[in-house]
Amino acid sequence: MRPFKYTRATDPNGAASAVGANPQAKFLAGGTNILDLMKEDVERPNELVDLTRLKLAEIKETGGGISIGALATNTDTANHPLIRRDYPLLTQAIVAGASGQLRNMATNGGNLMQRTRCQYFYDTAMPCNKREPGSGCGALEGLNRMHAILGWSDSCVATYPGDMATALYALDALVRLRSVDGRDRTLPVNEFHRLPGDTPQRDNNLEHGELIVAIELPKSNFAGNSYYLKVRDRASYAFALVAVAAALELDGSNIKQARVVLGGVAHKPWRSEEAEAALAGKSASEESFRAAADLALRDAKPLAHNAYKVELAKRAIVRALMCASKLA
Ligand SMILES: Cc1cc2nc3c(=O)[nH]c(=O)nc-3n(C[C@H](O)[C@H](O)[C@H](O)COP(=O)(O)OP(=O)(O)OC[C@H]3O[C@@H](n4cnc5c(N)ncnc54)[C@H](O)[C@@H]3O)c2cc1C
Ligand code: SF4
């Protein structure tokens with residue numbers, strides 16, 4: 001690990017301006033991702049600005065919705081009675097991730113910002129456009145069983161690995177940011193992460209130094225009929241091969257509105273508005289779920305080792321929607 005300067009932030013504006021003033025600085029929250037990447041020499045910040053003393057861990061009701069502090073831990077978020085009651089999809093997604101010990105340390109802001117688990121990204125002996133722009137992509141013609149089937153480019157075929165964000169996309173969350181100049185802006189979560197295009201080094205649309213202060217969840221009509229399904233190699237401590245956040249608003253068996261978001265298949269959680277539109281107005285049934293799943297994967301382009309993900313994703317969508325509608 002390379003030497004770095006440690007700075008302890010005492011307020012959000014100070015944290016944002018400290019990182020904003022140094023192009024090589026990064027925030028430190030739970031440290032469960034950034035410190036691993038520093039130990040592997042993948043990330044090389046010369047300064048870490050510690051956020052853990054900031055008072056940004058509150059989870060509170062806000063005029064129908066809920067605001068979740070960026071520094072709230074994954075464990076406290078998943079266990080919070082308001083989240084369990086009104087957004088059980090989020091609780092399910094969070095507890096599907098990592099392990100109990102990691103969730104006790106991991107914060108919501110850090111979770112949104114976590115980087116890909118592509119093995120070539122972690123291996124500094126291999127080419128990787130995300131780690132070193134212009135060096136090539138080791139995974140494109142390499143071992144790509146875990147990689148993307150949607151939205152990838154020749155520059156990068158990595159997937160975004162997080163579970164929590166996949167549920168947040170289905171819940172239409174907003175991310176509140178504090179800019180380096182002290183102003184706030186709000187980004188819909190589905191505009192937070194990026195597809196790789198020809199700039200895979202950029203995972204998301206934050207400016208350098210922008211601080212996530214909170215995640216805001218609008219009032220949800222999905223609490224009664226939602227389900228997070230994660231398919232992985234091991235029952236715990238493994239990233240998704242495919243995940244599905246499914247949510248339905250039902251009137252009897254009639255679907256008023258639907259959300260279908262895939263994890264583990266693209267550089268960002270992949271919301272299928274086509275599948276959602278196809279479900280609206282239909283009766284909840286295995287047949288309508290299968291038709292929606294086919295639409296969601298219509299544009300899938302598997303790589304040499306991950307064609308299995310196309311059928312797996314379709315089946316996972318059907319299964320998640322069956323569970324959400326309580327037909328399974
Ligand atoms: C063995 C292992 C297994 C895991 N399995 C899963 C899994 O199955 N599913 C899953 O979803 N995750 C999994 N994770 C990832 C884990 O959830 C993340 O490492 C964690 O959520 C990151 O949060 P943190 O607070 O520790 O972030 P840190 O490591 O402190 O920071 C991560 C990044 O976020 C930035 N950052 C932190 N806070 C902010 C903020 N408020 N504003 C702006 N930037 C910020 C940091 O600068 C850094 O770049 C796993 C991790 C490990 C080590
Ligand atoms: S898929 Fe992306 S992260 Fe992985 S080696 Fe290629 S460029 Fe790097």
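The values are calculated or read from the model by the stated rules, or taken from the named source; none is laboratory data. These figures come from a predicted structure and were not determined experimentally. Glycine also receives a Cβ, built like all others from the backbone with ideal geometry; neighbour counts cover every protein chain displayed. Keep in mind that these areas ignore ligands, DNA and RNA; they rest on the heavy atoms of the full protein, side chains included. Shrake-Rupley method; radii C 1.70, N 1.55, O 1.52, S 1.80 Å.
Entry comment: accessible area of the stretch 171-268 is 40 Å² per residue, from protein heavy atoms only and a probe of 1.4 Å. Its relative contact order, with pairs defined as Cα atoms under 8 Å and 6+ residues apart, puts the chain at 17 percent.
Ordering of 286-296, 198-208 by packing is 286-296, 198-208, highest average first (other Cβ atoms within 10 Å, averaged per residue).
Starting at the first residue of the stretch 195-211, write each ³J(HN,Hα) from the Karplus equation 6.51 cos²θ - 1.76 cosθ + 1.60 with θ = phi - 60°, in whole Hz, x for Gly and Pro. Karplus-based 3J(HN,Hα) across the stretch 195-211 equals 7, x, x, 9, 10, x, 5, 9, 7, 8, 9, 7, 7, 4, x, 5, 10 Hz. When the chain is treated as a Gaussian network with alpha carbon springs shorter than 10 Å, the biggest mean-square fluctuation among ASP233, ASP184, ASP76 belongs to ASP233. Highest mean first, the peptides 47-57, 171-181 sorted by other C-beta atoms within 10 Å per residue fall in the order 171-181, 47-57. Ligands, DNA and RNA left out, the accessible area of the stretch 226-324 computed with a 1.4 Å probe is 49% carbon and sulfur. Ordering PHE222, PHE27 by accessible surface, largest first, gives PHE27, PHE222; the 1.4 Å probe counts only protein heavy atoms, with every chain in place.
Per residue, how much accessible surface does the stretch 5-52 expose to a 1.4 Å probe? Answer in Å², no decimals.
For the stretch 5-52, the solvent-accessible area averages 45 Å² per residue.
Helices in the chain, meaning DSSP H runs of at least 4 residues, each add -39500 (n - 2.57). Divided by all residues, the mean residue ellipticity at 222 nm is -7500 deg cm²/dmol.
If you line up the long axis of helix 286-296 against the longest principal axis of the chain, both from Cα atoms, how many degrees apart are they, to the nearest 10? The helix 286-296 is inclined about 40 degrees to the chain. The lysines whose alpha-carbon is closer than 20 Å to the alpha-carbon of LYS230, local same-chain residues fewer than 8 away aside, are LYS268, LYS309, LYS314, LYS326. The amide H of GLY65, built 1.01 Å from its N in the peptide plane, has LYS219 as neighbours under 5 Å, considering only residues 5 or more places off or on other chains.
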